[in-house]
Amino acid sequence: MKPESPALLRHYIGGEFVASAATFDNLCPVDGRLLSRVSEADRATVESAVAAARRALSGPWGKMSVQQRAAMLHKIADGIEARFDEFVAAEVGDTGRPVHQARSLDIARAITNFRTFADLAACANSDAFETPTADGAGALNYTVRKPLGVVGIISPWNLPLLLLTWKVAPALACGNAVVAKPSEESPASATLLAEVMCHAGVPPGVFNLVHGRGADSAGQFLTQSTGIDALTFTGESRTGSTIMKAVADGVKEVSFELGGKNAAVVFADADFDAAVAGVVRSSFTNSGQVCLCSERVYVQRPIYEKFVAAIKEKVHALRIGFPDEAEVDMGPLISRGHRDKVLSYYRLAVEEGATVVAGGGVPVFGDARDQGAYVQPTVWTGLPDNARCNTEEIFGPVCHIAPFDDEEEIIGRVNDSKYGLACALWTTNLSRAHRVARRIHVGLVWVNTWYLRDLRTPFGGVKLSGLGREGGRYSLDFYSDVANICIKL
Ligand SMILES: NC(=O)c1ccc[n+]([C@@H]2O[C@H](COP(=O)([O-])OP(=O)(O)OC[C@H]3O[C@@H](n4cnc5c(N)ncnc54)[C@H](O)[C@@H]3O)[C@@H](O)[C@H]2O)c1
Ligand SMILES: O=C/C=C/C=C(\O)C(=O)O
């Protein structure tokens, strides 16, 4: 029987699904099979999406109150909920992640993103100041939030729907119209989101979706469009730098959530078992493809050897499997291309003198997964802090474990990085927790936990890890312009 021709994923522009003559293949990282063909937007297509967004701002969307927009965001969340299993299947197909993760994290958080920013925007207060004046009558100053206008959104493949909606939700809550460009590696859930937007009655042009790659493709064309008012981007630091140059002439507002080379620091007084479990989670979740993952692990010397042995045992026990296996811990990397990058670091580590405590290669399954993008979860010791494997973001299931002696030493070593996104500290000493956390030069510190999220908190990094903060009112501040009005009484 002739195999079904793969689906064609289309753009969503001005409320219509639009195909392009140019397409690219979307492959499944579990077994390499062709999942779908994807329309690739040219510059004209991207510009038509930007124009549709501009038109939407002067339509019914631009006249809606924040309460009406909040209600629309809840309808979008309802729509994702109604098609929850389809979104799970789309995300798992594109990324190969465990089904249980897609259900509990990726799709669940997309729904939460819309509901959280609906409520935050609807309840956001403005500022007001009574100002005394020489004539005694005084003046009243108050602020109003206005949408930026057309916001370009470019998102990565590692948590596709979570990170796309992390930006779409507040952008829409603040009254903007958006043109979103998801990663070429993960087009499926974004396309489903467009269907939900359409069904929810989001006015045409408010949410536009264009598919394509980065350089010389839809991503670059979006950043170069003079029709966008702001650009929010999540991805590699070097891509962020390229995008910053592209938008500089127009002095566009940017929000960047970029790369990291995060540390986990385990003090001798930590709850040992909790720290072991926590580091396994923070180094190997999503096959290490989370910007917050700990690729640098530092363990205080008295427990170092015991800790390495414990991590080795846990990593050897990690179940690498098909997405739908109930107990699977780890799936493949996103693509053969990304696997080549991670394997190049596996080789480099040995060249740099690492001891390979666990992993270091490619698992052999003897089934379809051998055509996928799997790698072994890997643990190294023995490298100096300045080794490339200890300074460059690998973005795979790997960590290096090094001993340290005291607080001053470890604070200096953790901060000696061109990145500054996140850090996980493990200690039962409360004073030490507060003291050290404040001195780590990152945007996010977790103590005795990792990736515990409260969406009202600021999220973002320093140095090469990003520009700006999103989350809670920080998102409202980025996705709206605040104007001050002064009334002479
Ligand atoms: N800080 C955070 O919150 C955060 C979250 C997730 C991922 N990340 C980072 O993202 C990276 C992994 O994601 P990735 O591989 O998709 O990143 P990437 O930079 O390769 O691509 C991200 C997005 O940018 C687009 N793009 C690429 N080049 C472009 C260009 N020249 N102009 C415009 N768009 C372009 C891509 O098509 C994709 O949609 C890692 O470095 C990770 O640390 C950071
Ligand atoms: O890979 C990076 C993960 C980013 C996560 C978030 O932005 C979030 O949880 O809101």
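Key figures
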{"quantity": "Residue match in the stretch 423-434 (condition: within 23 Å of N158 (Cβ to Cβ) and under 22 Å from the mean Cα position of the chain (by Cα))", "calculated": "yes"}
{"quantity": "Residues that are surrounded by fewer than 22 Cβ atoms within 10 Å (Cβ to Cβ) and either in contact (Cβ under 8 Å) with a residue 40 or more places away in the chain or aromatic (F, W, Y) (or both), drawn from the stretch 301-320", "calculated": "R301, Y304, V308, K312, H316, L318, I320"}
{"quantity": "Selection count where residues are under 22 Å from P147 (Cα atoms), of a type outside the set (G, A, S) and either within 15 Å of ligand 1 (Cβ to nearest atom) or surrounded by 23 or more Cβ atoms within 10 Å (Cβ to Cβ) (or both), scope the stretch 203-242", "calculated": "13"}
{"quantity": "Filter pass, L489 being exposed (fewer than 15 other Cβ atoms within 10 Å of the Cβ), at pLDDT 95 or above and within 16 Å of ligand 1 (Cβ to nearest atom)", "calculated": "no"}
{"quantity": "Given (1) out of contact with any Ser or Thr (no Cβ under 8 Å at 6 or more places or on another chain); (2) within 20 Å of Y451 (Cβ to Cβ), number of the condition F322 does not satisfy", "calculated": "(2)"}
{"quantity": "Helices (runs of 4 or more DSSP H) enclosed by the stretch 167-283 - at least 2 residues per element that are polar (S, T, N, Q) and under 18 Å from the mean Cα position of the chain (by Cα)", "calculated": "188-200, 237-248"}
{"quantity": "Test: residue in the stretch 122-135 that is crowded, with 16+ Cβ neighbours inside 10 Å, among the β-branched types (V, I, T), assigned by TED's automatic domain parsing to the domain that holds F221 and not in a strand (DSSP E or B)", "calculated": "no"}
{"quantity": "Count - residues of the stretch 85-101 that are in contact (Cβ under 8 Å) with a residue 24 or more places away in the chain and within 16 Å of L192 (Cα to Cα)", "calculated": "8"}
{"quantity": "Matching residues in the stretch 372-393 - criterion: being polar (S, T, N, Q) and either outside the structural domain of G359 (by TED's automatic domain parsing) or farther than 25 Å from I410 by Cα (or both)", "calculated": "Q376"}
{"quantity": "Test: residue in the stretch 149-159 that is among the aliphatic types (A, V, I, L, M), more than 18 Å from the chain's Cα centre (by Cα), at pLDDT 95 or above and assigned by TED's automatic domain parsing to the domain that holds A218", "calculated": "yes"}
{"quantity": "The stretch 116-153: number of residues that are within 14 Å of ligand 2 (Cβ to nearest atom) and closer than 30 Å to G212 by Cβ", "calculated": "3"}
{"quantity": "Subset of the stretch 284-294 (residues that are more than 18 Å from V445 (Cα to Cα) and outside any helix (DSSP H, G or I))", "calculated": "Q289"}
{"quantity": "Single unsatisfied condition, M197 versus (1) over 17 Å from K75 (Cβ atoms); (2) in contact with a strand residue (DSSP E or B) (Cβ under 8 Å, 6 or more places away or on another chain); (3) crowded, with 24+ Cβ neighbours inside 10 Å", "calculated": "(1)"}
{"quantity": "Residues (crowded, with 22+ Cβ neighbours inside 10 Å and either farther than 17 Å from L476 by Cβ or among the polar types (S, T, N, Q) (or both)) located in the stretch 67-76", "calculated": "I76"}
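Every residue, every condition in (1) under 29 Å from A349 (Cα atoms); (2) in the same structural domain as V357 (by TED's automatic domain parsing); (3) in contact with a Cys (Cβ under 7 Å, 6 or more places away or on another chain), yes or no:
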residue	(1), (2), (3)
H434	no, yes, no
V442	yes, yes, yes
T449	yes, yes, no
R469	no, no, no
F478	no, no, no
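The rows are residues; the columns are (1) within 16 Å of ligand 1 (Cβ to nearest atom); (2) at pLDDT 95 or above; (3) not in a helix (DSSP H, G or I).
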{"position": "P384", "(1), (2), (3)": "no, yes, yes"}
{"position": "G412", "(1), (2), (3)": "no, yes, no"}
{"position": "T428", "(1), (2), (3)": "no, yes, yes"}
{"position": "R438", "(1), (2), (3)": "no, yes, no"}
{"position": "R453", "(1), (2), (3)": "yes, yes, yes"}
{"position": "R473", "(1), (2), (3)": "no, yes, no"}
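Here's the yes/no breakdown for (1) within 16 Å of ligand 2 (Cβ to nearest atom); (2) surrounded by fewer than 16 Cβ atoms within 10 Å (Cβ to Cβ):
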site	(1), (2)
W380	no, no
N386	no, yes
E392	no, yes
V414	no, no
R439	no, yes
V447	no, no
T457	yes, yes
G466	yes, no
A483	no, yes
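Yes or no, residue by residue, for (1) in contact (Cβ under 8 Å) with a residue 24 or more places away in the chain; (2) within 16 Å of ligand 1 (Cβ to nearest atom); (3) among the hydrophobic types (A, V, I, L, M, F, W, C); (4) out of contact with any helix residue (DSSP H, G or I) (no Cβ under 9 Å at 6 or more places or on another chain):
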{"position": "H74", "(1), (2), (3), (4)": "yes, no, no, no"}
{"position": "D106", "(1), (2), (3), (4)": "yes, yes, no, no"}
{"position": "A137", "(1), (2), (3), (4)": "yes, no, yes, yes"}
{"position": "L148", "(1), (2), (3), (4)": "yes, no, yes, no"}
{"position": "S155", "(1), (2), (3), (4)": "yes, yes, no, no"}
{"position": "L159", "(1), (2), (3), (4)": "yes, yes, yes, no"}
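The values are calculated or read from the model by the stated rules, or taken from the named source; none is laboratory data. Being a predicted model, the structure only gives us computed values, none of them experimental. All Cβ positions, even for glycine, are placed from backbone atoms using ideal geometry, and neighbour counts span all protein chains on display.
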